[in-house]
Number of protein chains: 2
Amino acid sequence: MKVQRAGEEEQQAQSKKALKKQQKEAEKAAKKAEKQAKLAAEQQETDEDDFAKDRYGICPMVQSQQKLDRALVRVQDLTPEKAEQQIWVRARIHTSRAKGKQCFLVLRHQQFTVQALLAVGDRASKQMVKFAANLTKESIIDVEAVVKKVEQKIESCSQQDVELHVERVFVISQSEARLPLQLEDAVRPEGEGDEEGRATVNQDTRLDNRVIDLRTTTSQAIFRLQSGVCQLFRDTLINKGFVEIQTPKIISAASEGGANVFTVSYFKTSAYLAQSPQLYKQMCICADFDKVFCVGPVFRAEDSNTHRHLTEFVGLDIEMAFNYHYHEVIDSITDTMVQIFKGLRDRFQTEIQTVNKQYSSEPFKFLEPTLRLEYKEAVAMLKAAGVEMGDEEDLSTPNEKLLGRLVKEKYDTDFYVLDKYPLAVRPFYTMPDPNNPKYSNSYDMFMRGEEILSGAQRVHDAQLLTERATHHGIDLEKIKAYIDSFRYGAPPHAGGGIGLERVTMLYLGLHNVRQTSMFPRDPKRLTP
Amino acid sequence: MKVQRAGEEEQQAQSKKALKKQQKEAEKAAKKAEKQAKLAAEQQETDEDDFAKDRYGICPMVQSQQKLDRALVRVQDLTPEKAEQQIWVRARIHTSRAKGKQCFLVLRHQQFTVQALLAVGDRASKQMVKFAANLTKESIIDVEAVVKKVEQKIESCSQQDVELHVERVFVISQSEARLPLQLEDAVRPEGEGDEEGRATVNQDTRLDNRVIDLRTTTSQAIFRLQSGVCQLFRDTLINKGFVEIQTPKIISAASEGGANVFTVSYFKTSAYLAQSPQLYKQMCICADFDKVFCVGPVFRAEDSNTHRHLTEFVGLDIEMAFNYHYHEVIDSITDTMVQIFKGLRDRFQTEIQTVNKQYSSEPFKFLEPTLRLEYKEAVAMLKAAGVEMGDEEDLSTPNEKLLGRLVKEKYDTDFYVLDKYPLAVRPFYTMPDPNNPKYSNSYDMFMRGEEILSGAQRVHDAQLLTERATHHGIDLEKIKAYIDSFRYGAPPHAGGGIGLERVTMLYLGLHNVRQTSMFPRDPKRLTP
């Protein structure tokens, strides 16, 4: 009985609650209706005395209602040749400034900006100018305007010789009024902000709001140039007869001992994320593809929080069979890099200049043919500069940088190859130097003193590979499939992997790899 | 005391054991020395009467000992123009047949084969011919030979007009004698083996021994053509002003509700593998890149064991802002596909023919402009053909295939677009049709009756997106970052994702996606 009573009470309580809710909703609806009536009245009043009322407004959401036969001119194409033409433009409101009966807008599309003017007159009413002045920054609008040549260059815009006299303005997509960061702040050169008491934007704020940060001229330029790096890399290799391959990222065994590898749940078992496509590239060589490359993500579970480490980055990977000497492969790789440097210099000068405005740096220098130093020579140069180190010790990051400066001084190049690393500091599959068992047929490549590629001639003989793996204490069972790949005839071969984000960063003289990764991943960042 | 005694006993036992071991090793060494002496004697004897002893042998492992100034001619370049020339070739032993004082080899490099002859005479001794005849198949050799025109075409080789008269032969890399599969079996057309009682190779054997299976002419052709698909895709889009982007594969939240997603351990937390780059492509659109594409791995934790599902495949992804109507985007995508089809037809005819020898199929047909049907029309066609289905029901795989046949009969095309899918069967971010709330601005594309692309106009308005997500019962908290991307002005846009392996498979008329993935991943396969 008690239960039922409780049930009844509850029901009563609920119906009271429901009643109250209904009342509240009715009140709310009444208020809303009142407000709307008032707004409609105001609107009608405004509309009645507004001769320009059809010339502005907020468009219904573009839902592909119609196929409009109207060309849109891009901001970058607004030049004096278009003077006096009536055109339509779609762009964002970069800045907006009302001044008496006028409203000055700066319209932006990608790296390009143009000034636009609305003035009360024949084509624009008071209400229309007010409407334009109240639009939020970053909103996307369509304007119809006449292109006008200007007497004095507009220094603040990329299109300096013309401005737009706006006759219609419609909002395509509104931005919220409050932006998480200001684009002007985000492109301000470091240091400049401090002096003038103006804000700059710190890296975490940028990355947290990447969708806005990527709109800056600097970001637009960086990632267009990076797209160019990939294109130049591939085009050069395809011209050289390379074949593009796709290698799996989910793998069953961690190839190099299992350190620094991410684990994936794979149905009822576990798997790993590939730390490099190397074993697969090598299998393609053993399968007679001869020259292969791939571009794809590489995963490193290293807890390194530095300016140049990411847990996921893009690898530009090369593997190539050679005839007699692995220098054939070094030559192919360095030539590819040189083609990339030349292509960037010749085809991406606008982007380089844009980035330099915010982050200044010296133009990137390189030699033809590429400088190749032996590890021994490098150690000698460092020792001569006062560094204390063993002959077969690996290079520390500061020593790499110092070496970069010494090489730049002596040879005037920002790009060089360091050849013949000590065998002990390289992975088990590295081919030993035939003339000196302490060294190996391996190499790194450097840009502005930082490593961008690591590579080597690989051991292509199953027996030697077994010996080397044993020497390194690697469980042979785990790399059986790898070693077996070399049992049925394997051509001598060498290769290497390049970090895309590092190439972009160092070519542009930037100082953090997060600037050249659209959505960087590090031990502390997994979003956006 | 007991412990010590035990220790002593153990030591004694050990030293006995050691002694025994030493004796055994000494015996072994003695035997080995004896054997070697015998071999050396035999060798000397052989060498003494072998005038050709410097003309053949096993090279030391190529360890980049020297930079040899010797050009190697590729098998594919061995044509009658080279007749009477003395050249060096590096190739694999494809087949070997001894016949009296002669040995016939077929040498293979990639898709190309040439006949080579060793005959006892001035340039080759009995021992040398015997040596060549005993070489294992798949070994890589360097031969010096004179190119000779032949009277009768050699039908069994790709180079039918010449053969090589071998004067020197050196082994670069030996294959083990016992191969896990025979290349002749692996290229035998299905069915042909059964009739003649000859073997074909089943798919698992192929995939387990992929490094050998990839050496077949069919595999070489498939993956060269696939490299071409990627290249044509990118070149076409770059010409259209698209920018290549790189999107992260490790993500913090499963975008579409969390089903079918692989989990990754990420330091002290968990993450997921991206099921598509879509959200990132869209962020790039919101960041004004306007037209973007990416090529990269896509992960699906679906336990589907079919001919067309992989757990990891390569996505060719496109996203594009449009002006007024999403058909602008459909037109860009279909034109890109048409450029791919034309490029393959014109530049990869050798590869197509090679694959056809093993897997015959009709040439791929397409129309210009591409056929676009509405979903309603497709349902009507199916109903007319006797299929019972609801108007807003999704297409089953058999119905897709049937529709493909009906479309082929009626329009004579293997490629078409199906537009305006029912809203209910598409993801929450799909833009509803403005004219009929039951339909949507979404589309699939088909090749030979199988889906290769799924795409849509996306909702670019944060409010509508919230409504749609709520309608689909999606936790708004989990997609907050995604929805927030649209709050600061977003252009209308559409896009889609293409499965690379499916395009290659269907273009070539193959029947299993594992044939067009170098190292396929499915619920049961994680290796090699």
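Here are the numbers for the structure shown:
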{"quantity": "Verdict on A:ILE483 being free of Cβ contacts under 8 Å to residues at least 60 places away in the same chain, among the aliphatic types (A, V, I, L, M) and in contact with a Ser or Thr (Cβ under 7 Å, 6 or more places away or on another chain)", "calculated": "yes"}
{"quantity": "Residue in the stretch B:367-380 that is without any contact (Cβ under 8 Å) to a residue 40 or more places away in the chain, over 27 Å from B:GLN339 (Cβ atoms) and either not basic (Lys, Arg) or not in a helix (DSSP H, G or I) (or both) present", "calculated": "yes"}
{"quantity": "Among (1) away from every other protein chain (no Cβ under 14 Å); (2) surrounded by fewer than 20 Cβ atoms within 10 Å (Cβ to Cβ) - the single one A:GLY449 does not satisfy", "calculated": "(2)"}
{"quantity": "Members of the stretch B:158-180 found to be of a type in the set (A, V, I, L, M, F, W, C) and surrounded by fewer than 19 Cβ atoms within 10 Å (Cβ to Cβ), listed by number", "calculated": "B:PHE170, B:ALA177, B:LEU179"}
{"quantity": "Verdict on A:THR430 being assigned by the TED database to the domain that holds A:GLY228 and in contact with a Lys or Arg (Cβ under 8 Å, 6 or more places away or on another chain)", "calculated": "yes"}
{"quantity": "Selection status of A:PRO523, of a type outside the set (D, E, K, R) and surrounded by fewer than 21 Cβ atoms within 10 Å (Cβ to Cβ)", "calculated": "yes"}
{"quantity": "Residue in the stretch B:75-86 that is within 14 Å of chain A (Cβ to nearest Cβ), part of a strand (DSSP E or B) and under 27 Å from A:ALA490 (Cβ atoms) present", "calculated": "no"}
{"quantity": "The one condition in (1) of a type in the set (Phe, Trp, Tyr); (2) touching a Leu at 6+ places or on another chain (Cβ under 9 Å); (3) farther than 28 Å from A:LEU310 by Cβ that B:PHE313 fails to fulfil", "calculated": "(3)"}
{"quantity": "Matching residues in the stretch A:52-74 - criterion: being closer than 13 Å to A:ALA145 by Cα and part of a helix (DSSP H, G or I)", "calculated": "A:ARG55"}
{"quantity": "Selection count, the stretch B:383-409, where residues are among the aliphatic types (A, V, I, L, M) and within 16 Å of B:GLU450 (Cβ to Cβ)", "calculated": "5"}
{"quantity": "Residue that is surrounded by the fewest Cβ atoms within 10 Å (Cβ to Cβ), among those in the stretch A:291-328 that are charged (D, E, K, R) and within 7 Å of chain B (Cβ to nearest Cβ)", "calculated": "A:ASP303"}
{"quantity": "Of the criteria (1) closer than 30 Å to A:ASP204 by Cα; (2) in contact (Cβ under 8 Å) with a residue 24 or more places away in the chain, which one A:ASP290 fails", "calculated": "(1)"}
{"quantity": "Which listed residue is surrounded by fewer than 16 Cβ atoms within 10 Å (Cβ to Cβ) and either more than 18 Å from B:PHE51 (Cα to Cα) or facing chain A (nearest Cβ under 10 Å) (or both), from B:GLN111, B:GLN152", "calculated": "B:GLN152"}
{"quantity": "Selection status of B:SER396, surrounded by fewer than 16 Cβ atoms within 10 Å (Cβ to Cβ) and within 27 Å of B:VAL338 (Cβ to Cβ)", "calculated": "no"}
{"quantity": "Helices (runs of 4 or more DSSP H) (entirely within the stretch B:402-518) containing at least 1 residues that are within 31 Å of the chain's Cα centre (by Cα)", "calculated": "B:500-507"}
{"quantity": "Given (1) more than 13 Å from the chain's Cα centre (by Cα); (2) within 7 Å of chain A (Cβ to nearest Cβ), index of the condition B:LEU232 fails", "calculated": "(2)"}
{"quantity": "Qualifying positions in the stretch A:260-281 - more than 9 Å from chain B (Cβ to nearest Cβ), in contact (Cβ under 8 Å) with a residue 60 or more places away in the chain and more than 25 Å from the chain's Cα centre (by Cα)", "calculated": "A:LYS281"}
{"quantity": "Residues located in the stretch A:494-509, provided they are more than 20 Å from A:GLY455 (Cβ to Cβ) and surrounded by 21 or more Cβ atoms within 10 Å (Cβ to Cβ)", "calculated": "A:LEU508"}
{"quantity": "Residue check for A:ASP433: charged (D, E, K, R) and without any contact (Cβ under 8 Å) to a residue 24 or more places away in the chain", "calculated": "yes"}
{"quantity": "Matching residues, the stretch A:452-477, being in contact (Cβ under 8 Å) with a residue 40 or more places away in the chain, within 12 Å of chain B (Cβ to nearest Cβ) and polar (S, T, N, Q)", "calculated": "A:GLN457"}
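The values are calculated or read from the model by the stated rules, or taken from the named source; none is laboratory data. Owing to the predicted nature of the structure, the values given are computational and were not obtained by experimental measurement. In this analysis, Cβ positions are derived from the backbone assuming ideal geometry, glycine residues included, and neighbour counts consider all displayed protein chains.
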